[in-house]
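Only one structure is covered here, and it is reproduced in the block below.
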Amino acid sequence: MLTLLRRLPSSVWLIGLVSLMNDAASDLVYPLLPLYLTGVLLVSPTVLGFIEGLAEATSSLVKLVSGILSDRSRRSKPWIIWGYSLAALSRPLIALATAWPMVAALRFVDRLGKGLRSSPRDALLALSVAPEHKGLAFGVHRAMDNAGAVIGPLLAAVLLAYNVPIRHILFATLIPGLLVVLLTFALKEQPRPVSTQTLNFQSSLKQFPAAFRRYLGVLALFTMGNSSKMFLLLKARQMGIADMQIPLLWALTSGSAMIFSVPFSQLSDRWGRVHFISSGWLAFAAFYGYLAWGQFPLWMIWPLFALFGMFLAATEGVEKALVADLSPATGMGTGFGWFHLVTGLFLLPSSLLFGKIWQEWGEDAAFGFAALCALGAAFLLQFWVGVPRLARS
């Protein structure tokens, strides 16, 4: 494993460093938003779901556009720079919000930036490594991404412990955001084959195999249950976890994902993506089902969230590696664009539905619904999608 890590090109580590620093700033804000929105701006779970769902859905549509355009221009770097720049400017402005529509608008801009950068960045990462090391490369990226997601919540917890106002914490994210933008200028483009096709919204899926299209359908089903993670943090708070400990809980989840991302993703290069993804989705179903119907003491929430981090490690990088396996080199950005479109676009109805079920029938019904979606997706991935043998192992 260490030998393989040393052989990875420098571009993989630079992309990982950019994600680490950006996520440190983003996850400094993320666990504070449900506290800020429900505790300061007094919004309901349904409004919380609307804000997050709308932001992610918009981001996902832009990811497809940026993926197609990056393939057409055969360039990734400009999209990456602009994407991180929008995020760096919008996050600190949340500190000035006095009502939830302004927060929603700023989250929209932040996710717009994510939409511009994500597909071109993932394509650049996939094109930087040999096919047999794609799982490892995406695992390293997710590990460094999750390292930032550990640093951010820990900083938030320390600042809250010293009674630093949430508005001041939000405004401080400007500094790491600007450093991220500077780092993106050091990225190098990777050569791409010239495509003989003209990619657009109507024809962009025709170049992909049927297994890829079925994979997108199964991802849509899973995403219908995989709503905004803010609901998990809200659940922990209602169970009795103190506000100051909420960022620590999210840091534990991200730390677990950071530790296991590289070994899990590297093993998927040898044992197959499908087995890892379906196993992770089954673990997700067990986790959400236990939150819905299990009876456990409050201290158990900590190991449960650590196990949830292992689910993230087993799926986040591997899902993207499977996209790279099924995408032609000339349409790598487009493939990731469709992946991000589906997983993000369905987050809007998912988050709205989850919040509505919570509000009308209780939190147990909402978490139970999510578990059933994950079970169905795991079954279909194994027995219906028909991923080619090469991508399975």
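Any read-out appearing in this document is the output of simple, stated calculations on the displayed coordinates, not a laboratory observation. As the structure is a computational prediction, the values presented were derived from the model and not from experiment. FYI the Cβ positions are ideal-geometry reconstructions off the backbone, even for glycines, and counts take in every protein chain you see.
Given the -39500 (n - 2.57) contribution per DSSP H run of 4+ residues, what per-residue ellipticity at 222 nm results for the chain, rounded to the nearest 500 deg cm²/dmol? If you can, show how the numbers build up before the last one.
Values: 17 runs with 299 residues, N = 393.
That comes out to -25500 deg cm²/dmol.
Report the charge-dipole magnitude of the chain in Debye, nearest 20, computed about the Cα centre from +1 at each Lys and Arg Cβ and -1 at each Asp and Glu Cβ.
Numbers: 30 positive and 18 negative charges, 220 e Å.
Rounded to the nearest 20 debye, it is 1060 debye.
Report the calculated FRET efficiency for Trp302 and Trp384 (r = Cβ-Cβ distance, R0 = 30 Å), to the nearest 0.05. Write out the running numbers ahead of the final one.
Values: r = 36 Å, r/R0 = 1.22.
Calculated value: 0.25.
Of the listed peptides 155-168, 243-256, 88-101, what is their order by residue-averaged count of other C-beta atoms within 10 Å, with the highest listed first? Don't skip to the answer; put the middle values down first.
Working: 155-168: 15.5, 243-256: 22.4, 88-101: 17.6.
Taking the mean over residues of other Cβ atoms within 10 Å, the ranking is 243-256, 88-101, 155-168.
Could you point to the residue in Val129, Gly280, Leu160 farthest towards the positive end of the chain's charge dipole, with +1 and -1 charges on the Cβ of Lys/Arg and Asp/Glu respectively?
Val129
Let me check I've understood the local charge: for Met239, count other residues with C-beta under 15 angstrom from its C-beta, Lys and Arg +1, Asp and Glu -1. What total comes out?
-1
Over 19 Å between Cα atoms: which of Lys63/Lys235; Lys77/Lys114; Lys77/Lys206; Lys63/Lys114 fall into that group? List each step's numbers first, then the result.
On the way: Lys63/Lys235 30 Å; Lys77/Lys114 14 Å; Lys77/Lys206 26 Å; Lys63/Lys114 8 Å.
Over 19 Å Cα-Cα: Lys63/Lys235; Lys77/Lys206.
Given R₀ = 45 Å, what would the calculated FRET efficiency be for Met244 paired with Ala130, taking r from the Cβ atoms and rounding to 0.05?
On the way: r = 46 Å, r/R0 = 1.01.
It comes out at approximately 0.50.
Can you tell which of Leu179, Leu64, Leu136 shows the greatest fluctuation in a Gaussian network model of the chain with Cα springs below 10 Å?
Highest fluctuation of the listed residues: Leu179.
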